[in-house]
Amino acid sequence: MQTLGTRTTAPGRAGLAGAPREQLAELPAAEAVTRDALVQLYRLMTAVRQLDVAAISWQRQGILPAYAPELGQEAAQVGSALALDPTRDFAFPTYRELGVARAFGVDMVEYMSTHKATWHGGLWDPSKAHVAPIQAVVAGSVLHAVGWAHGQTLAAQNTAQQNTAHGKAPEGGYAVAITYLGDGASSQGDVHEAMNFAAIFKAPVVFFVQNNGWAISVPTEKQVAGGSVAARGAGYGIPALQVDGNDAAAVLEATRRAVAHARSGTGPVIVEAMTYRRGPHATSDDPGRYRTLDEERADGGADPLARLRERILAEGAAGEADLDAADAAGAAEAEAVRAGVIALGPRPGAEMFDFVFQEPTGELLRQKNSWRKESEHE
């Protein structure tokens with residue numbers, strides 16, 4: 001048998017072993033956080049804090065069946081959300097991003113309707129608010145964000161082909177997706193798939209990781225290999241930042257840099273905000289079963305809201321009276337949301353059949369008719 005005349009000295013793909021890797025791109029600089037921005041951060045953060053604390057009480061009172069608190073993560077959420085343009089960018093939250101929704105301008109009564117189980121996904125219109133429905137599937141939001149972001153590049157490429165300017169980012173850059181996940185969610189396979197796909201296709205997406213120290217009852221060091229989530233970025237060729245997640249200004253600046261990178265068409269970025277979950281994972285959780293109160297106080301560090309208040313006063317961005325007024329406005333807003341949530345009536349039961357498929361099946365229509373007969377009979 002005659003063999004092909006190949007050279008045994010040719011390395012082929014084996015020559016890729018040990019080849020130098022392309023260096024990760026440097027992220028662009030971001031504008032300095034102004035005094036006005038510090039005050040805006042505080043007003044939003046105190047409103048979120050008041051509403052978050054109140055929601056726990058509402059759950060205890062039976063107004064909400066369940067709630068996932070975000071105490072201690074206000075700086076990470078509000079600071080990151082303010083780096084986006086809510087008129088064109090899109091946020092993909094988990095079940096804990098009250099601060100993101102509030103910063104994007106989502107009506108909080110409509111947001112809380114999900115926690116009241118009045119309506120799956122909330123009553124707000126995601127297409128107008130640019131905030132996707134609450135995602136209860138761990139790491140599910142990252143896949144949706146990458147899909148949406150990839151859609152932006154496909155749309156731009158289609159337009160570019162029509163304008164004979166293929167390969168260039170659209171004027172003003174791409175609309176950017178930001179997706180939120182925790183350190184626990186980063187261990188899900190969906191995150192690997194999302195980051196790998198985003199890196200290959202240079203999707204304009206920011207993976208914003210809130211490393212709050214706990215995956216429910218499991219500490220980060222026992223379920224995140226490699227030292228940090230940000231360190232994994234190198235494996236995908238994705239630049240990554242690790243930032244003090246309790247410093248609202250630092251989060252805002254870091255996310256601005258990430259958004260600018262993604263908007264330019266150079267691909268995704270990972271931002272890992274090192275923060276701390278100061279309360280339970282959810283209102284059904286008892287953190288006392290896996291950590292002590294002393295450990296919680298020590299690991300939590302300085303309160304992000306108190307830190308920001310101290311900086312504002314030190315820099316003269318606002319006075320005590322201004323910040324006290326912001327606190328009072330936040331409390332009043334929380335009370336107004338409470339009244340709105342209580343006033344929410346039940347949704348028509350038939351909706352459970354109406355939004356399953358675009359075109360309902362015969363079996364679904366049969367079930368809907370059967371439900372109506374039974375309901376009317378009752």
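The values are calculated or read from the model by the stated rules, or taken from the named source; none is laboratory data. Nothing here was measured: the structure is a model prediction, and the numbers come from that model. Glycine also receives a Cβ, built like all others from the backbone with ideal geometry; neighbour counts cover every protein chain displayed. Areas reflect the complete protein model, heavy atoms only, side chains present, ligands, DNA and RNA absent. Shrake-Rupley method; radii C 1.70, N 1.55, O 1.52, S 1.80 Å.
Scanning the stretch 199-223 for residues that are part of a loop (DSSP other than H, G, I, E, B), farther than 19 Å from residue 176 by Cα and over 19 Å from the mean Cα position of the chain (by Cα) gives 217, 223.
One line per residue, one yes/no per condition, for (1) at pLDDT below 95; (2) surrounded by 14 or more Cβ atoms within 10 Å (Cβ to Cβ); (3) touching an Asp or Glu at 6+ places or on another chain (Cβ under 8 Å):
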residue: 280; (1), (2), (3): yes, yes, yes
residue: 315; (1), (2), (3): no, no, no
residue: 318; (1), (2), (3): no, yes, no
residue: 338; (1), (2), (3): no, yes, no
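Residues in the stretch 82-126 that are within 23 Å of residue 262 (Cα to Cα), touching a residue at least 60 places away in the same chain (Cβ under 8 Å) and crowded, with 19+ Cβ neighbours inside 10 Å: 82, 83, 84, 89, 90, 91, 92, 93, 94, 97, 100.
For the residues 147, 140, 172, the requirement of being among the small types (Gly, Ala, Ser), at pLDDT below 95 and within 16 Å of the chain's Cα centre (by Cα) singles out 140. Close contacts from the stretch 220-241, counting a first residue that is more than 20 Å from residue 206 (Cα to Cα) and a second that is open to solvent by 50 Å² or more (accessible area, probe 1.4 Å) and polar (S, T, N, Q), with Cβ to Cβ under 8 Å and a gap of 6+ residues or different chains, come to 223/187. Residues in the stretch 292-324 that are free of Cβ contacts under 8 Å to residues at least 60 places away in the same chain and within 25 Å of residue 215 (Cβ to Cβ): 292, 293, 294, 295, 296, 297, 298, 301, 302. With a requirement of 1 or more residues that are farther than 30 Å from residue 116 by Cα and of a type in the set (A, V, I, L, M), the helices (runs of 4 or more DSSP H) lying completely within the stretch 292-378 that satisfy it span 293-300, 304-315, 320-343. Restricted to helices (runs of 4 or more DSSP H) entirely inside the stretch 76-131, those with at least 1 residues that are under 23 Å from residue 334 (Cβ atoms) and within 14 Å of the chain's Cα centre (by Cα) are 98-104. Right, residue 83: at pLDDT 95 or above, closer than 18 Å to residue 277 by Cα and not charged (D, E, K, R) or not? When the stated conditions are applied, residue 83 does not pass them.
Considering the stretch 186-214 alone, what residues qualify as being polar (S, T, N, Q) and either surrounded by fewer than 24 Cβ atoms within 10 Å (Cβ to Cβ) or under 17 Å from residue 81 (Cβ atoms) (or both)? Passing the criteria: 187, 188, 196, 210, 212.
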